[in-house]
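Written below as structure tokens is the structure these notes are about.
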Amino acid sequence: MVLPAREGFGPERAGAIAMVVRRLALASHARVIGGAQADATYQDIIFEAVSGRSPLIYGLGVIRRLRVLSPTIIEVHQQPRLARAIAWALPNARVLLFLHNEPLTMRGLRNVAARRRTLASLHRVVCVSEHLRASFASGLSETSNLVVLPNPLTLAELPPRAAIRSPEILFAGRIVENKGIADFIAACAATLPSLCGWSARIIGGDRFGSGSPETPYVGAMRKAARDAGIRFEGYRPHAAVLAAMAEVAIVVVPSRWPEPFGLTALEAMASGAALIVSRTGGLLEVAGEAARYVPPGDVAALAAAIGDLATHDAARAALASAGIARAAQFDTAIIKARLQALRGVESSV
């Protein structure tokens with residue numbers, strides 16, 4: 001499995017792509033190739049570091065290493081041009097391209113001809129949601145090897161769910177505008193004064209890792225949270241985020257942009273929290289009927305949803321139970337079986 005050169009691959013700096021790759025690699029006994037890491041990498045995965053930050057230097061290093069390894073299956077994440085180059089350089093391998101973000105904004109996929117060429121040269125192009133698949137397919141007539149495989153979550157790795165949930169409302173994610181953090185703060189500021197015993201918490205930074213910078217936007221959101229009486233913890237390791245989700249009553253994913261998938265929403269459901277999400281992008285595919293939906297950017301609707309769930313125990317419990325059942329469909333063992341079918345052979349990666 002081939003990561004982007006700048007993707008962190010370790011417990012202290014992993015984002016959604018790295019966590020998904022680790023789960024699939026662990027389930028498949030696969031090795032992972034990625035850029036050189038300053039922090040410790042995951043110890044349960046064979047990781048091979050390739051030097052070079054530029055796409056050309058990194059890509060050449062990856063191809064050289066793959067020629068030595070001579071794998072049967074190669075799965076390239078988020079790098080269309082590298083996937084095509086690998087398919088040309090190793091014609092006997094089955095090369096799959098995994099897309100985690102909007103394809104029409106990626107170099108190598110922005111026009112119809114490039115997407116058609118990518119489909120023609122690869123074994124599969126795998127999108128993490130139907131939302132992304134539809135975007136990739138725009139303008140194409142032949143899409144038989146363009147498929148959807150949702151992101152996995154290894155349920156057995158999650159911390160135990162609290163028997164009694166803390167009366168707390170949690171936002172966990174990057175502190176950037178399109179994640180809707182300002183809407184969360186404004187909605188909580190409007191609602192918390194009328195919710196006796198309830199509090200709100202924010203976990204996240206501008207990026208993943210303990211070195212996440214205090215950008216002007218993060219600083220502004222930290223001040224807004226403080227003014228609203230919301231606890232702002234900053235970046236925390238992923239294990240701490242999951243522990244918080246296992247304890248709090250409500251998790252909010254108020255994204256303003258069309259989320260390609262929505263891994264935070266899946267983690268919240270699996271952790272037993274009642275979930276509120278924006279009605280946009282892949283979030284609808286992840287949460288199904290197991291979430292309360294609000295229009296993106298609608299602070300009043302978000303405040304109303306928070307207030308309603310906080311004051312109705314039965315509705316909150318029903319939504320939490322539905323979320324646990326929904327999340328079970330994304331367990332890594334289930335997604336792995338679907339991936340094996342897409343690979344088309346039983347060989348290791």
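One table, with the values for the structure above:
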{"quantity": "Conditions (1) under 28 Å from Asp331 (Cβ atoms); (2) in the same structural domain as Val248 (by TED's automatic domain parsing); (3) at pLDDT 95 or above; (4) out of contact with any Phe, Trp or Tyr (no Cβ under 8 Å at 6 or more places or on another chain): number failed by Ile185", "calculated": "(1)"}
{"quantity": "Number of the condition not met by Ser135 [criteria: (1) closer than 22 Å to Arg338 by Cβ; (2) of a type in the set (Ser, Thr, Tyr); (3) part of a loop (DSSP other than H, G, I, E, B)]", "calculated": "(3)"}
{"quantity": "Members of region 305-349 found to be over 25 Å from the mean Cα position of the chain (by Cα) and at pLDDT below 95, listed by number", "calculated": "Gly344, Val345, Glu346, Ser347"}
{"quantity": "Matching entry among Ile324, Ile306, Ile276, Ile334 (being among the β-branched types (Val, Ile, Thr) and over 23 Å from Ile203 (Cβ atoms))", "calculated": "Ile334"}
{"quantity": "Number of the exception - Phe208 against (1) at pLDDT below 95; (2) of a type in the set (Phe, Trp, Tyr); (3) over 23 Å from Ala243 (Cβ atoms)", "calculated": "(3)"}
{"quantity": "Hey, Ser121 under 29 Å from Gln37 (Cβ atoms) and either in contact with a Phe, Trp or Tyr (Cβ under 9 Å, 6 or more places away or on another chain) or hydroxyl-bearing (Ser, Thr, Tyr) (or both) or not", "calculated": "no"}
{"quantity": "Residue list for region 1-56, filter: of a type in the set (Val, Ile, Thr), under 17 Å from Phe98 (Cβ atoms) and touching a helix residue (DSSP H, G or I) at 6+ places or on another chain (Cβ under 8 Å)", "calculated": "Val2, Val20, Val32, Ile33, Ile45"}
{"quantity": "Lone qualifier among Asp331, Asp313 - being touching a strand residue (DSSP E or B) at 6+ places or on another chain (Cβ under 8 Å) and surrounded by fewer than 20 Cβ atoms within 10 Å (Cβ to Cβ)", "calculated": "Asp331"}
{"quantity": "Residues (of a type outside the set (D, E, K, R) and over 14 Å from Cys188 (Cβ atoms)) located in region 225-252", "calculated": "Gly234, Tyr235, Pro237, His238, Ala239, Ala240, Val241, Leu242, Ala243, Ala244, Met245, Ala246"}
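A quick yes/no check of all residues on (1) hydrophobic (A, V, I, L, M, F, W, C); (2) buried (at least 20 other Cβ atoms within 10 Å of the Cβ); (3) more than 22 Å from Ala287 (Cβ to Cβ):
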residue	(1), (2), (3)
Met106	yes, no, yes
Ala114	yes, no, yes
Thr118	no, yes, yes
His131	no, yes, no
Glu142	no, no, yes
Val148	yes, no, no
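The values are calculated or read from the model by the stated rules, or taken from the named source; none is laboratory data. A quick note: this is a predicted structure, and the numbers were derived from the prediction, not measured. Virtual Cβ from ideal backbone geometry, glycine too; neighbours counted across all protein chains shown.
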